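I am attaching a structure below and will ask some questions about it afterwards.
The values are calculated or read from the model by the stated rules, or taken from the named source; none is laboratory data. Note that the structure is predicted; figures quoted are calculated from it, not measured. Please note: Cβ atoms are built from the backbone with ideal geometry, for glycine as well, and neighbour counts cover all protein chains shown. For the accessible areas, the whole protein counts, side chains as well, though only heavy atoms, and no ligand, DNA or RNA atoms are used. Shrake-Rupley method; radii C 1.70, N 1.55, O 1.52, S 1.80 Å.
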Amino acid sequence: MKPVVDYEVAASVDPTPLSLLTPGPDYLKYHTTWLEDKWFPFMGFVLGAGSVWYTYAMNRRPFYAGIPVKLGAGIVGATALYYYKQYRTSYLADKDAMYRHYIQLHPEDFQAPERKKVGELFKEWVPVR
């Protein structure tokens, strides 16, 4: 049976903070999905239309009442979350760039950690019976 972790590859990974903050060449291949750009607008539409539907249900109005209002609220919600995702992506990219720049300016504060085996991390344990 093949092990879950390829130990040769895991041992050769560079653990420095700068390499952890810099995306590798396979970033887009493994960190994007076909649903990624559709999820936030979809949830915005569901939350916008669902909130109006819930309000109408609590006021004992029929399900089909106010369909244009529900569609409008859904479109507003989808648009709001679409722009929120753009803002969030831009904010996180700026934050990562700021961290990366700080690490480049102060490499002495970010030394590579010393690699330890799991057995070295635990204290000796004797069961008391």
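In region 59-74, what count of residues is obtained for those that are open to solvent by 60 Å² or more (accessible area, probe 1.4 Å) and part of a helix (DSSP H, G or I)?
4
Related question: Condition test on Leu47, is it of a type in the set (A, V, I, L, M), open to solvent by 100 Å² or more (accessible area, probe 1.4 Å) and farther than 30 Å from Ser19 by Cα? Give the steps one after another, and end with the answer.
Details: of a type in the set (A, V, I, L, M): yes; open to solvent by 100 Å² or more (accessible area, probe 1.4 Å): yes; farther than 30 Å from Ser19 by Cα: yes.
Spelling it out, Leu47 is indeed of a type in the set (A, V, I, L, M), open to solvent by 100 Å² or more (accessible area, probe 1.4 Å) and farther than 30 Å from Ser19 by Cα.
Filter region 75-125 for residues that are farther than 30 Å from Phe40 by Cβ, open to solvent by 100 Å² or more (accessible area, probe 1.4 Å), without any contact (Cβ under 8 Å) to a residue 12 or more places away in the chain and assigned to a helix (DSSP H, G or I) and give the result.
Once the filter is applied, which keeps residues that are farther than 30 Å from Phe40 by Cβ, open to solvent by 100 Å² or more (accessible area, probe 1.4 Å), without any contact (Cβ under 8 Å) to a residue 12 or more places away in the chain and assigned to a helix (DSSP H, G or I), region 75-125 yields Leu105, Glu108, Glu120, Leu121.
If Tyr56 satisfies all but one of (1) modelled with pLDDT under 95; (2) surrounded by 11 or more Cβ atoms within 10 Å (Cβ to Cβ), what's the number of the condition it fails?
(1)
Condition (residue is at pLDDT 90 or above and outside any helix (DSSP H, G or I)) applied to region 30-52: is it met by at least one residue? It would help to see each step written out before you state the result.
Looking only at region 30-52, we keep the residues that are at pLDDT 90 or above, and these are 38-52.
Remaining after also requiring outside any helix (DSSP H, G or I): none.
Scanning region 30-52, I find no residue that is at pLDDT 90 or above and outside any helix (DSSP H, G or I), so the answer is no.
Could you grab the pairs with beta carbons closer than 8 Å, sequence gap of 6+ or different chains, first residue in region 10-24 and modelled with pLDDT of 65 or more, second one open to solvent by less than 50 Å² (accessible area, probe 1.4 Å)?
What qualifies is Pro17/Ile103; Leu18/Ile103; Leu21/Ile103.
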